[in-house]
Amino acid sequence: RGKTRGGIGALIVGETVVSADSARDDNYFDFSIPENFSGMCEYVEAIKESDPERLALLELVHCGESGGPGAEKYRVNEMTPETMAEIAAQFAQTAFHAKRAGFDGVMVHMGHRWLFGQFLSPAVNQRADGYGGSVANRAKIALMTLKAIRERCGEDFLIECRISGRENEEVSYSDEEICEYARLLAEYADLIHVSAGVYRDPMRSKMMSTSFDAHGCNVEIAAKIKAAVDIPVAVVGGINDPKQAAEIITSGKADLIALGRQMLADPLFPEKLEMGEGDQIRGCLRCMRCFPGPFEEAMAELGGVFPTGCSVNPLYEFPEYTELPQAEEPKRVLVLGGGVAGMQCAVTLSDRGHLVTLLEKADVLGGILNFAKDDPNKADLKKLADSLAAEVRARDIDLRLHTELSPELLAELKPEHVVCAVGSSPLRPPIPGLDGANVIAGMDAYAPGAVPGDEIVVLGGGLVGCETALHLSGEGKRVTIVEMRDELAPDAYRLHKHKLRDLIAADGRITVCLNATCRAVREDGAEVETDGGTRFLPADAVVSALGMRANPTQALEALCEGLPFTKIGDCLQARKIYDAIREGFKTAVAL
């Protein structure tokens with residue numbers, strides 16, 4: 001229920017398959033069963049709870065080649081007209097159940113190369129009968145289905161059609177064809193919802209845009225579709241900035257903005273805008289934590305263990321804390337460190353009624369994320385730091401920048417609890433020459449002019465090393481990545497990892513040296529040991545991306561002896577943003 005707040009005009013309950021054989025796995029729920037129908041009614045109640053005027057829609061899908069049991073998946077058979085009519089009836093029946101439950105309408109999923117998208121795509125539809133060839137023929141099953149829904153549910157029932165404006169595949173339909181398709185759908189539909197891509201390859205096809213893709217990546221084709229139809233058009237695709245959303249609408253490129261992952265990152269996106277708190281919106285990082293990829297492939301690669309939660313929104317995993325419990329006995333809490341962990345902890349502590357002082361030794365909040373200001377592909381990381389800083393400043397928190405804890409300050413503040421979030425620093429293994437003047441830490445390599453020369457060696461092919469190599473290549477440098485493991489970026493979330501590998505493989509300025517260990521750094525390069533022996537890599541500069549280590553806290557613990565002292569974030573163990581924000585939140589809730 002906590003996810004339904006936030007000034008949302010319409011909320012869509014996603015991926016409701018219309019029959020058992022249309023499901024991706026076992027996610028079919030027969031809504032003719034009373035308890036399942038009751039569950040559908042509860043969805044409507046939750047959606048309408050905070051705003052009775054909000055529209056409640058149910059997404060209806062047939063997964064096509066991605067549906068069916070076991071070996072039947074990914075097989076495309078030529079469907080008979082009788083089966084098409086049966087599927088249209090299944091959509092209409094499920095839509096009618098939705099109407100009875102109180103939904104205002106349905107969103108019929110016709111994109112991502114699920115069933116209707118397969119019929120539309122020339123890469124799949126090779127039929128020579130009346131259901132192949134022209135766009136009108138390929139659209140017949142879609143129109144049959146929409147007609148059946150309209151006849152069963154009436155004119156006052158909303159029908160939204162989600163389509164892939166572009167599949168971003170080598171063989172696909174043209175912009176002119178998708179516009180024609182949208183015009184045909186508009187005979188029955190009330191709204192066209194423009195997405196992109198195909199389910200089987202969500203990253204490369206931009207079904208799920210990554211941090212390397214433009215925000216609003218579907219706006220151009222949405223504008224073409226809007227010009228072709230006389231019904232409203234919605235657009236989705238990496239939109240996390242209210243200014244961009246406003247520009248899309250005011251410029252007439254689309255009528256509505258659809259937010260997917262962004263509403264996981266910050267369900268209060270519209271509400272914060274209405275209240276003049278747009279600077280406090282937490283933007284989706286498009287880190288791919290919440291979506292590891294096509295279920296079957298991700299299940300196999302990850303051994304069935306999927307990441308949980310959202311990197312920037314701790315409430316996603318703890319909906320019971322949407323209304324934070326107020327502290328029974330407010331305490332004076334001192335938070336050391338203004339990175340993401342410290343800021344999240346300070347904000348949550350303040351919201352619970354504690355008296356919070358936040359110390360940061362630098363002159364700006366954000367901690368390690370401030371390195372991102374010099375890389376356009378990491379702009380969202382800097383925005384996260386800025387939005388958290390805005391949240392801190394909007395509260396009654398005693399913020400002291402350029403300040404470190406001293407015995408005198410400790411005596412002045414008299415805290416009853418200390419939370420330590422002093423972060424991490426680059427790891428420097430005992431490699432000869434690693435402390436040389438030609439060695440730059442990975443996070444420091446983004447500053448303009450920080451890495452001299454044209455030939456660069458990057459030590460470490462994890463997430464930081466790979467992203468740094470791409471950044472340096474973007475500056476025109478030739479880069480060699482040295483990684484001791486047999487793969488790149490194993491620490492990245494699955495789809496982000498695959499994107500990094502694709503970009504590196506396609507980059508003619510980057511060379512990868514796997515199963516290699518740096519034995520020494522010299523002024524003119526690095527000595528590397530591989531299975532084939534020792535080799536020398538000439539370089540004008542060496543970038544060290546060999547990991548991070550927790551900053552020492554012993555002196556602070558000794559200074560605060562006798563006080564409750566809790567460590568969170570990277571000073572506990574260097575990890576990801578998700579861990580830092582989650583620990584900051586959980587610690588604050590527990591005090």
- Task: Could you check the simple spin-label distance between Arg478 and Arg100, using points 7 Å along Cα→Cβ, in nm with one decimal?
- Result: 7.1 nm
- Item | Semi-axis lengths, Å, region 112-221, gyration tensor of Cα atoms, sqrt of 5 times eigenvalues | 24, 18, 11
- Rounded to the nearest 10, the angle in degrees between the Cα long axis of helix 379-393 and the longest principal axis of the Cα atoms of the chain comes to 70 degrees
- Specify the angular offset, from 0 to 90 degrees and rounded to the nearest 10, of the alpha carbon long axis of helix 494-506 from the longest principal axis of the alpha carbons in the chain. 80 degrees
- For region 335-380, what size does the Cα cloud have along each of its three principal axes, sorted from largest down, in whole Å? 38, 20, 11
- Query: Can you list the aspartates and glutamates whose alpha carbon is less than 12 Å from that of Lys477, not counting same-chain residues fewer than 8 positions off?
  - Reply: Asp454, Glu455, Asp507, Asp540
- Which Rg and Dmax, in Å, describe the Cα atoms of region 358-495? 18.5, 54
- Query: Once both labels are modelled 7 Å past Cα along the beta-carbon direction, what's the Asp531-Cys41 spacing in nm?
  - Reply: 6.4 nm
- Item | Accessible surface of the chain [probe 1.4 Å, protein heavy atoms]: carbon and sulfur percent | 51 percent
- With a Förster distance of 30 angstrom and the Cβ-Cβ distance between Ala394 and Glu49, calculated FRET efficiency to the nearest 0.05 equals 0.70
- Task: Pull out a ≥ b ≥ c, the square roots of the eigenvalues of the alpha-carbon gyration tensor of region 430-552, then state rounded if a/c is under 1.5, prolate if not and a/b is larger than b/c, and oblate in the remaining case.
- Result: rounded
- Rank these by accessible area, largest first, 1.4 Å probe: Glu583, Glu45. Glu45, Glu583
- Could you work out the Kirkwood radius for region 117-168, taking every pair of different alpha carbons, averaging 1/r and inverting it, reported in Å? 12.3 Å
- Nearest 10, in degrees from 0 to 90: the angle of helix 140-153 to the longest Cα principal axis of the chain is 80 degrees
- Message: Rounded to the nearest 10 Å², what accessible area does Leu355 have for a 1.4 Å probe in the complete protein model?
- Response: 110 Å²
- Query: Is the shape of region 169-273 rounded, prolate or oblate, going by the alpha carbon gyration tensor and its root eigenvalues a ≥ b ≥ c, with a/c under 1.5 for rounded and a/b larger than b/c for prolate?
  - Reply: oblate
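Can you give the percent of C-alpha pairs in region 420-477 whose distance is more than 14 Å?
On the way: 966 of 1653 pairs.
It works out to 58 percent of all Cα pairs.
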- Task: Can you sort Glu53, Glu416, Glu176, Glu296 by 1.4 Å-probe accessible area, starting with the largest?
- Result: Glu53, Glu176, Glu416, Glu296
- Mind giving me the FRET efficiency for Asp507 and Asp363? R0 is 30 Å, r the Cβ-Cβ distance, nearest 0.05 is fine. 0.25
- Message: Give me, ordered by chain and number, the residues 5 or more places off Met548 or on other chains with an amide H under 5 Å from its own placed amide H.
- Response: Leu427
- Note on the structure: Between Phe295 and Ala128, Cβ-based FRET efficiency (R0 35 Å, step 0.05) works out to 0.60
- Take Glu487, project a point 7 Å from its Cα along the Cβ direction, then tell me which residues of region 295-323 have their backbone nitrogen under 14 Å from it. 297-305
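Determine the relative contact order of the chain: mean sequence separation of Cα pairs under 8 Å and six or more apart, normalised by residue count, in whole percent. Please report the intermediate quantities before stating the final value.
Values: 1225 pairs, mean separation 59.7, N = 591.
Across the chain, relative contact order equals 10 percent.
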- Provide the solvent-accessible area of Asp386, counting protein heavy atoms only and rolling a 1.4 Å probe, rounded to the nearest 10 Å². 70 Å²
- per DSSP, antiparallel bridges as share of beta bridges in the chain, % nearest 5, sits at 20 percent
- Residues whose modelled amide H sits under 5 Å from the amide H of Val198, counting only those 5 or more places away in sequence or on another chain, are Ser205, Met207
- Query: Once you sort the root eigenvalues of the Cα gyration tensor of the chain as a ≥ b ≥ c, which label holds: rounded (a/c under 1.5), prolate (a/b larger than b/c) or oblate (the other case)?
  - Reply: oblate
- For region 244-251, what does the Karplus curve 6.51 cos²θ - 1.76 cosθ + 1.60, with θ = phi - 60°, yield as ³J(HN,Hα) per residue in whole Hz, taken in order and with x for Gly and Pro? 5, 4, 5, 5, 4, 6, 5, 7
- Query: Once you list every other residue whose beta carbon is under 14 Å from the beta carbon of Glu301, what net charge do they have if Lys and Arg are +1 and Asp and Glu are -1?
  - Reply: 0
- Message: Give me a comma-separated list of calculated 3J(HN,Hα) values for region 79-91, in order, Karplus coefficients 6.51, -1.76, 1.60 applied at θ = phi - 60°, integers in Hz, x for any Gly or Pro.
- Response: 7, 7, x, 5, 5, 4, 5, 5, 5, 4, 5, 5, 4
- Query: How long is the gain from Glu408 to Glu523 if the chain were fully straight, where each residue apart is worth 0.36 nm and the alpha carbon distance is subtracted?
  - Reply: 36.9 nm
- Kirkwood Rh over Cα pairs of region 257-338 into Stokes-Einstein at 25 °C, 0.890 mPa s: D in µm²/s? 157 µm²/s
- Once amide H atoms are placed 1.01 Å from N in the peptide plane, what residues at a sequence separation of 5 or more from Ala520, or on another chain, have their amide H within under 5 Å of its amide H? Glu527
- Task: Scale the Cα Rg of region 499-587 by the rule-of-thumb value 2.2 N^0.38 Å and send over the ratio, two decimals.
- Result: 1.66
- Note on the structure: The summed charge of the Ala516 Cβ neighbourhood (under 15 Å; Lys/Arg +1, Asp/Glu -1) stands at -3
- With a 1.4 Å probe and all protein chains in place, put Tyr316, Tyr578 in order of accessible area, largest first. Tyr316, Tyr578
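The values are calculated or read from the model by the stated rules, or taken from the named source; none is laboratory data. Note that the structure is a prediction, hence the values are computed from the model and not measured. For neighbour counting, all protein chains shown are included, and Cβ atoms are generated from backbone atoms with ideal geometry for every residue, glycine included. To get the accessible areas, we keep the full protein, side chains included, count just its heavy atoms, and leave off ligands, DNA and RNA. Shrake-Rupley method; radii C 1.70, N 1.55, O 1.52, S 1.80 Å.
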